[in-house]
Amino acid sequence: MAKWIDISQPLTNDMAHFPGDTPFSYSLTYSKEENGTANIGQMTASLHNGTHIDAPFHYDSDGKTVDQLDLERYVGNAMVVDVSHVDHITPEVFQGINLADTKRVLLRTALPNNPKRFPKTMPAIDPEIAPYLQEKGVLLLGVDMPSVDAPDSKELATHHALYKHDINILENLMLDEIDAGMYELIALPLAIQGADGSPVRAVIRPLKDVNNHG
C-alpha cells in the first residue's frame, strides 16, 4: 500500500505569516532539567499560520465555527489539479478534467512552496469557480497558497463565493512535488470551540492510478 505523504507546512519559529497577524512561536515553558520530570512546551500562533482550514466564521460573523464543521469533508478521495500554467484560475482551466464523483479538489498553482517567505503576489482565483465546482459536487477546495483571495483583499470575494456555494476552504498546502491525479486526503481541523480556523496536518496517499515524485 502506498505511503502517506505530508503536504502540510512545518510549524517553525521562522515561518512566514500574514502581515500584521500573530506569528507562530514554540518554546519550552519548563525543561526536564528544571522540573526533573518532563519537557513541557507552549506555543502562540494565529489559527491561520501554515496549513489550515477556514471556518465560515472567519469571514461571516454568523457562520459556523471550527467545532461545528462536518469532518467528513476533510477525509476522503481528493483530486490534485495542476493549474500552474495560468495566473488567473477560472472555470475554463477545468475543461477536459473529469470532476465526476470528486468531492475534494486541491489546486497546485504556480506559486512555489516556501513556508518561510510570504508571497508578494499570488495567482488569482476567480469567484466564478465556486458555482462551477458546486455544480460538479465539490465540497472542499484546497490551495497551495496562503489564501483563496489576495492577501490585501477587503471583500474576500472568493471566500464568500465558496461559502455561498457550500464549499469548505483548505489553505497553504505543499503541492510542488505532487503529481496531478487522485489521492486519499486527511486534513482534520482541531476541535477548537468557537474558532474561525484551525491548523491541520494534511496528508495524502496516492490511489493506484497515480505515480508520485519521491
Quick check: is even one residue across region 163-181 on the phi > 0 side of the Ramachandran plot and in contact (Cβ under 8 Å) with a residue 40 or more places away in the chain?
yes
Which residues, counting only those in region 12-43, are aliphatic (A, V, I, L, M) and touching a strand residue (DSSP E or B) at 6+ places or on another chain (Cβ under 7 Å)?
Leu28, Ile40, Met43
Please work out if Gly194 is out of contact with any helix residue (DSSP H, G or I) (no Cβ under 9 Å at 6 or more places or on another chain), on the phi > 0 side of the Ramachandran plot and part of a loop (DSSP other than H, G, I, E, B).
no
Please give the number of the condition Gly76 fails out of (1) outside any loop (DSSP other than H, G, I, E, B); (2) at negative phi.
(2)
Take Ile204 and decide whether it is buried (at least 22 other Cβ atoms within 10 Å of the Cβ) and in a loop (DSSP other than H, G, I, E, B).
no
Mind listing whichever residues of region 23-73 are surrounded by 13 or more Cβ atoms within 10 Å (Cβ to Cβ) and aromatic (Phe, Trp, Tyr)?
Phe24, Tyr30, Phe57, Tyr59
Can you find a residue in region 80-90 that is modelled with pLDDT under 95, part of a loop (DSSP other than H, G, I, E, B), more than 14 Å from the chain's Cα centre (by Cα) and of a type outside the set (Ser, Thr, Tyr)?
no
List every residue pair whose Cβ atoms lie under 7 Å apart, where the two residues are 6 or more positions apart in sequence or sit on different chains, the first residue falls within region 1-27 and is more than 19 Å from Gly41 (Cβ to Cβ), and the second residue, located anywhere, is exposed (fewer than 14 other Cβ atoms within 10 Å of the Cβ).
Ala16/Lys116; Ala16/Arg117
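The values are calculated or read from the model by the stated rules, or taken from the named source; none is laboratory data. Note that the structure is a prediction, hence the values are computed from the model and not measured. Neighbour counts are summed over all protein chains in view; Cβ atoms, including those assigned to glycine, are modelled from backbone coordinates with ideal geometry.
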